[in-house]
């Protein structure tokens, strides 16, 4: 939906299953339109579309794409952003570090991302703004030293293609690289270094600044124990575009025996749940996954008074049982946006873990869960003068 200050708000459809276009289309019909009826029955409804590579290739066929655009018009809905981070299947089987494959060093990632922009360019009305979010270049363990040069060159080639499509269709298109724990860049400082290296290689740095920016995920930066206002201001001061804000919250707790026992309920085999442990707000270690962190809890390197876990938890519900969340980082981000309303127009709720939440957290069906996310987010935006 479009908000009063010109922002667009959606929830990311990666919460629903959908590897090919038939499955993705069915999730739009069966779930997304149910949500629309409750939260935005009369006004144009914004969709944050997740398309894997298979679905994108199928949707890109002219007749299929034309039919989808007609469906959007019929349903009084529109797509303004696409999640292009997960390339392959995102539900029902092991994803873990595969979510970073192929990374930006591989031609398949470039080709897939260009396809997403071509789809978006066809769907958007002239004069509109559209975004695609993607991984932070790669995953740290994939490359032992520097990122291979192909990673930078593929991103620069993508920027040129985005510019071409923007000019051709009269659009403002941009790609958002998403810092994530143990990604090639994960903190604000690492993000600044990466963009410095990228821009150093660019023939036209201003073109790259226009077309490539950051998808700021509140969950991910909260995991790094960062101050949202400081981080966002640093990105802005460096001239890095804020492509999109992911409104999301991470799992947080103190590593006491009872809490660690409760965390066992959050160990699962689909997604990677990086753990960042800190003492007095200073990071002491990073662990690749929650099960590994729990197995190492007694070791000296885990001498911490707080754990933050990459597990997207609902915005609207407190976890209890000794477990907390990082919603304060979300509200700090929205406070900053209230002070800088033109810094970013694309807002997307991204609580995609509904299927792997412990049973007690899934008392609602997924449609009701998403509606509750809207209720919380719209209230938070309204309090800051950013609502409908």
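For this structure, a couple of remarks:
- Taking the listed residues 263, 337, 292, the one that is part of a helix (DSSP H, G or I), over 16 Å from residue 220 (Cβ atoms), modelled with pLDDT of 95 or more and within 18 Å of the chain's Cα centre (by Cα) is 337, with no other qualifying.
- Against the list (1) surrounded by fewer than 20 Cβ atoms within 10 Å (Cβ to Cβ); (2) farther than 30 Å from residue 267 by Cβ; (3) in contact with a strand residue (DSSP E or B) (Cβ under 9 Å, 6 or more places away or on another chain), the condition residue 118 fails is (3).
- From the list 37, 5, 69, the lone residue that is without any contact (Cβ under 8 Å) to a residue 12 or more places away in the chain and either part of a helix (DSSP H, G or I) or over 30 Å from residue 268 (Cα atoms) (or both) is 37.
- Residues of segment 352-385 classified as surrounded by fewer than 17 Cβ atoms within 10 Å (Cβ to Cβ), at pLDDT below 90 and not in a loop (DSSP other than H, G, I, E, B), total: 3
- Those residues of segment 273-289 which are part of a loop (DSSP other than H, G, I, E, B) and either in contact with a strand residue (DSSP E or B) (Cβ under 6 Å, 6 or more places away or on another chain) or under 29 Å from residue 375 (Cβ atoms) (or both), in sequence order: 273, 274
- Screening residue 310 on (1) loosely packed, with under 14 Cβ neighbours inside 10 Å; (2) farther than 30 Å from residue 5 by Cβ; (3) in contact with a strand residue (DSSP E or B) (Cβ under 9 Å, 6 or more places away or on another chain) shows it passes everything except condition (1).
- For the criterion of being surrounded by 15 or more Cβ atoms within 10 Å (Cβ to Cβ), outside any loop (DSSP other than H, G, I, E, B) and touching a residue at least 12 places away in the same chain (Cβ under 8 Å), residue 330 passes.
- Meets criteria (in a loop (DSSP other than H, G, I, E, B), in contact with a strand residue (DSSP E or B) (Cβ under 6 Å, 6 or more places away or on another chain) and buried (at least 16 other Cβ atoms within 10 Å of the Cβ)) for residue 304: yes
- Long-range neighbours under 7 Å by Cβ, at least six apart or interchain, first residue free of Cβ contacts under 8 Å to residues at least 24 places away in the same chain and on the phi < 0 side of the Ramachandran plot within segment 92-117, second surrounded by fewer than 19 Cβ atoms within 10 Å (Cβ to Cβ) and not in a helix (DSSP H, G or I): 98/88
The values are calculated or read from the model by the stated rules, or taken from the named source; none is laboratory data. Keep in mind it's a predicted model, so treat the numbers as computed, not measured. Please note: Cβ atoms are built from the backbone with ideal geometry, for glycine as well, and neighbour counts cover all protein chains shown.
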